[in-house]
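Engineer: Dropping the structure in here first, questions after.
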Amino acid sequence: MDRSLRFVHLFPELLNLYADHGNMAVLVGRARARGFAVETVAVRLGTELRIENADLVLLGGGSDREQVIVGKELTRYREDLLSAIDRGLPVLAVCGGYQLLGEYYELPNGERVPGLRVLEMTTRAGRNRLIGNVAIEWREGGERKTIIGFENHGGRTTHEYPPLGTVIKGFGNNGRDGKEGVLYKGIVGTYIHGPLLPKNPHVADRLIRAALRYRGQDDTLSALADDLEWRVHDAVLRQICGEK
Ligand code: GLN
C-alpha cells in the first residue's frame, strides 16, 4: 500500500491569521505519527498550483486586504479546484479562506471580493466584528463532539448546507442562525482560528481520513497518544462555557 500523502498550503504567508499554519503542523504530525510519508507544498503568488499533486488543501484566514489579493489569484485555479472538490478533495478553509469559497465577500464599503463560487454561499461585512471564544457541537456518524477555538470576523456568512457544527457559545457564521462553518463533500469551512486543529484532533483526523479516501486508500487510522490535546480541549471548553 502507498503510504504517502501530499498536503498543499495555499498562500501560507498571506492567509495566516492567528497562526492558522499551525493546522498544517498538526496534519503533518498526525499523519507522520501513523507512518505516512508526508510531503507539503506551499503555493505562493505567482507559483503554480498543480491540483493533481494535492491530496488535501489548506486555506487559512486573512485580513480584508489580503483577501482581495488572494481572491484575484485564486480565480486562476477555479476550474481545477472545482473538479477536484467534486471528486472529494479535502479542503480546510478558515475564515477569510472559508469566505472565498462562496460567491462573494462584500466589504464594509459595499465592494464585492469575488469568491471561487464553489459553494452557494455569500458573506457580507456587518457594522461590528464578531470576536471571541467559540464552542460548537459537531455530530457525525451518530457521535457528538465539541469543537473549540476563537473567531474574529466582520463577515456574516449564510448558506443552506450542513454546518460544521451548531453554536454552543460564540457567533458562528453570522450570529443569527446558530450554524458554524460548512461541510460540503471534502470541504470543512469554519470561522474557527486558534489555530483549529491543535485543540481539536478529531477534526484533523477527519481530514486525514478524507485525504486517504481521495487517494483511494483505506482510511483506517490508528489511535494516537493525544491525551494532552484532549485535556487542553476539555479545559478550554469548560472555560468558554463558563464565560458570561
Ligand atoms: N476579512 C474577513 C472578515 O473580517 C476574514 C477575517 C479572518 O480571516 N479572520 O470577515
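Engineer: Specify which of the listed residues (V134, V113, V118) is buried (at least 20 other Cβ atoms within 10 Å of the Cβ), part of a strand (DSSP E or B) and in contact (Cβ under 8 Å) with a residue 60 or more places away in the chain.
Structural biologist: Values: V113 fails: in contact (Cβ under 8 Å) with a residue 60 or more places away in the chain; V118 fails: part of a strand (DSSP E or B).
So the residue among V134, V113, V118 that is buried (at least 20 other Cβ atoms within 10 Å of the Cβ), part of a strand (DSSP E or B) and in contact (Cβ under 8 Å) with a residue 60 or more places away in the chain is V134.
Engineer: Another question about this same structure. If a residue has to be outside any loop (DSSP other than H, G, I, E, B) and within 10 Å of the ligand (Cβ to nearest atom) to count, how many in segment 60-92 make the cut?
Structural biologist: The total comes to 5.
Engineer: Failed condition for G194, given (1) among the small types (G, A, S); (2) surrounded by 16 or more Cβ atoms within 10 Å (Cβ to Cβ); (3) modelled with pLDDT of 95 or more, with all others met?
Structural biologist: (3) is the only condition that G194 fails.
Engineer: Continuing with this model, one more query. Being within 18 Å of the chain's Cα centre (by Cα) and either acidic (D, E) or open to solvent by 50 Å² or more (accessible area, probe 1.4 Å) (or both) narrows it down to one of D80, D55, so name that one.
Structural biologist: D55
Engineer: Of the residues Y184, Y191, Y214, which is touching a His at 6+ places or on another chain (Cβ under 7 Å), aromatic (F, W, Y) and on the phi < 0 side of the Ramachandran plot?
Structural biologist: Values: Y184 fails: touching a His at 6+ places or on another chain (Cβ under 7 Å); Y214 fails: touching a His at 6+ places or on another chain (Cβ under 7 Å).
After ruling out the rest, the residue left standing is Y191.
Engineer: Just name the residue that is farthest from G242 (Cα to Cα) out of those in segment 183-208 that are assigned to a strand (DSSP E or B) and touching a helix residue (DSSP H, G or I) at 6+ places or on another chain (Cβ under 7 Å).
Structural biologist: This residue is I187.
Engineer: The conditions are (1) open to solvent by 40 Å² or more (accessible area, probe 1.4 Å); (2) closer than 29 Å to Y214 by Cβ, and G155 fails exactly one of them. Which is it?
Structural biologist: (1)
The values are calculated or read from the model by the stated rules, or taken from the named source; none is laboratory data. Computed from a prediction, not measured in an experiment: that's the story for all the values here. Because the Cβ atoms are built from the backbone with ideal geometry, glycine has one as well, and the counts that use them run over all protein chains shown. Protein only, heavy atoms only, side chains kept; ligands, DNA and RNA dropped before computing areas. Shrake-Rupley method; radii C 1.70, N 1.55, O 1.52, S 1.80 Å.
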